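Reviewing the structure listed below.
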Amino acid sequence: MITESEVAEIVMEAVGPEIPIQAPFLKRRHESEDGILIVSLPREENNELMMRSLNRAAAAVYLLCDGKRCIREIADALCGLIEAEDEQYVALEAVRIIRRLQTEGLLRRPGTTPGLTAHGTLV
């Protein structure tokens, strides 16, 4: 049977040296005391703003995606920020959050050009 630690290592190897970066055209609108980060995305077709509210974990990951850190470094930094006892779990959560933020158009993968996602948001 595969252990959680082995799963975490497999996931980290699979994502490789990818360095996620915040998508252009995003503006931080509000950061509350609870660490909630709200970002707005201009919609291309009518220039309306779409709002996204991120919980503290997602906000922390989003802010760590500065284009300088790979996913493993982001996961390590997140472990340090929250003083996690279960680093494998936090690493897996960091990957999950990054993928979700990429799907929602808040982060982009390196080497991709800004464009429209399936959700109609600019990245």
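Numerical summary
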item	result
Cα→Cβ-extended label distance, 7 Å offset, between Met51 and Glu73, nm	3.4 nm
Extension gain (nm, one decimal) between Asp66 and Glu83, 0.36 nm per residue minus Cα-Cα	4.0 nm
Interchain or long-range residues, amide H under 5 Å from Met50's placed H	Leu41, Arg43
Amide H partners (placed H, <5 Å) of Leu107, local residues excluded	Ala23, Gln102
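We did not get these values from a lab; they are worked out from the coordinates using the rules stated. Note that the structure is a prediction, hence the values are computed from the model and not measured. Heads up, the Cβs are rebuilt from the backbone with ideal geometry, glycines too, and the neighbour counts pull from every protein chain shown.
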